[in-house]
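The values are calculated or read from the model by the stated rules, or taken from the named source; none is laboratory data. Quantities reported herein were computed from a predicted structural model and do not represent experimental measurements. Quick reminder, even Gly has a Cβ in these numbers, built from the backbone with ideal geometry, and neighbours come from all protein chains shown.
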Amino acid sequence: MTATTQYLIMVRAIDTKLTRPCTAYQGRCAKLKDSNCESTFGSGWSEKGSCCRKRTCCVFQCEDIPTNSLANGTVIVAERNVGSTAKFTCDAGLFLAGRQNITCTTSGWDGNIPQCTNISCPETVAFFNGSKYIFKCNGGNWSNSEANCNVLGGHLTSVDTGDEYAFLMDVIALMIQHIEQILYGFFWIWEPFNYSDWYPGSPQQPDNNNTQNMPGAYCTLLFPPSPLPSSKWNYHPCSAQSRSVCEIRLT
């Protein structure tokens with residue numbers, strides 16, 4: 001190894017070294033002395049101190065969660081740095097649909113803001129991403145359930161994203177936990193949908209070929225086996241009785 005090569009390695013080692021405060025912030029050094037943190041690392045990165053050789057120390061902060069973002073509850077967010085935690089609690093008599101704590105990562109918060117809701121029968125009402133959801137305790141076949149949702153101005157819920165599915169399972173899990181008559185959380189849903197999570201062995205399409213020995217199994221159930229929340233989907237005869245979730249778009 002030549003002296004020049006050794007010198008270049010030493011310079012590179014110095015350039016990549018973090019100062020102690022920057023390390024404590026879980027920061028990164030900008031590549032150049034005048035580099036902008038956001039242009040170097042992306043959205044959410046901002047300046048906080050400096051690294052060696054007068055380069056900027058860049059730290060990531062998650063999106064702000066306002067204290068009023070949880071209706072009928074309390075939000076505690078001390079910091080928004082990587083590793084910081086947001087904590088949620090509900091007012092007395094209400095239940096938290098979602099996670100009690102979420103953590104800031106370099107990709108943002110690792111969960112959605114939950115909500116506080118009243119879990120009750122004959123129906124539980126909750127809101128998510130511009131829609132009102134009505135979780136029915138009483139059963140009906142698919143056609144009757146869809147017709148009831150139509151009267152309310154909506155449809156049986158379709159599932160478009162994993163976040164929406166997680167929200168549905170959070171509310172259903174609370175209903176099973178706190179309402180004695182909800183022993184099983186089978187709920188009709190609408191098709192088509194843009195997200196799916198089929199139960200192992202499911203045909204993953206309407207069962208026109210009667211592969212499960214269930215004639216007319218053309219309709220889809222949220223099919224949560226025990227324990228929750230390891231819920232999956234399955235096809236079921238449309239004439240069977242099950243609970244339902246109506247979705248009414250508000251925006």
Which one of these does ILE102 not meet: (1) of a type in the set (Val, Ile, Thr); (2) within 25 Å of MET175 (Cβ to Cβ); (3) more than 14 Å from the chain's Cα centre (by Cα)?
(3)
Across segment 213-251, which residue is modelled with the lowest pLDDT among those that are among the aliphatic types (A, V, I, L, M), under 25 Å from SER131 (Cα atoms) and surrounded by fewer than 21 Cβ atoms within 10 Å (Cβ to Cβ)?
LEU228
Go through (1) assigned by TED's automatic domain parsing to the domain that holds PRO237; (2) of a type in the set (Phe, Trp, Tyr); (3) crowded, with 18+ Cβ neighbours inside 10 Å for PHE127 and report which single condition fails.
(3)
Out of all the residues in segment 24-54, which are farther than 30 Å from GLN115 by Cα and either assigned by TED's automatic domain parsing to the domain that holds PHE88 or touching a residue at least 40 places away in the same chain (Cβ under 8 Å) (or both)?
TYR25, GLN26
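For segment 130-146: of the residues being farther than 24 Å from ILE65 by Cα and of a type in the set (Phe, Trp, Tyr), which is surrounded by the fewest Cβ atoms within 10 Å (Cβ to Cβ)? Can you show your working first?
From segment 130-146, those farther than 24 Å from ILE65 by Cα are 134-146; that's our starting set.
The next check asks that each one be of a type in the set (Phe, Trp, Tyr); those that pass are 135, 142.
Values: PHE135: 27, TRP142: 23.
Looking at the filtered set, the residue picked out is TRP142.
Kindly indicate whether THR117 is under 18 Å from the mean Cα position of the chain (by Cα), closer than 20 Å to LEU18 by Cβ and of a type outside the set (A, V, I, L, M, F, W, C). Step through it out loud before you land on a result.
Working: under 18 Å from the mean Cα position of the chain (by Cα): yes; closer than 20 Å to LEU18 by Cβ: no; of a type outside the set (A, V, I, L, M, F, W, C): yes.
Here the answer is no, as THR117 does not meet what is asked.
Can you tell me how many residues within segment 51-68 are modelled with pLDDT of 80 or more, out of contact with any Phe, Trp or Tyr (no Cβ under 9 Å at 6 or more places or on another chain) and of a type outside the set (Lys, Arg)?
Here is the first cut: in segment 51-68, the ones modelled with pLDDT of 80 or more are 51, 55-68.
So of that shortlist, the ones also out of contact with any Phe, Trp or Tyr (no Cβ under 9 Å at 6 or more places or on another chain) come out as 51, 55-56, 64, 66-68.
Now restrict to residues that are of a type outside the set (Lys, Arg): 51, 56, 64, 66-68.
Residues meeting the conditions: 6.
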Could you pull out the residue among CYS149, CYS104, CYS121, CYS116 that is touching a Cys at 6+ places or on another chain (Cβ under 6 Å) and surrounded by fewer than 17 Cβ atoms within 10 Å (Cβ to Cβ)?
CYS121
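What strands (runs of 3 or more DSSP E), lying completely within segment 25-117, carry at least 3 residues that are aliphatic (A, V, I, L, M)?
On the way: elements: 45-50, 56-60, 73-77, 85-90, 95-97, 101-105, 115-117.
Of the strands (runs of 3 or more DSSP E) lying wholly inside segment 25-117, those with at least 3 residues that are aliphatic (A, V, I, L, M) span 73-77.
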For PHE187, work out the one condition from (1) crowded, with 16+ Cβ neighbours inside 10 Å; (2) at pLDDT 75 or above; (3) out of contact with any helix residue (DSSP H, G or I) (no Cβ under 9 Å at 6 or more places or on another chain) it doesn't fulfil.
(3)
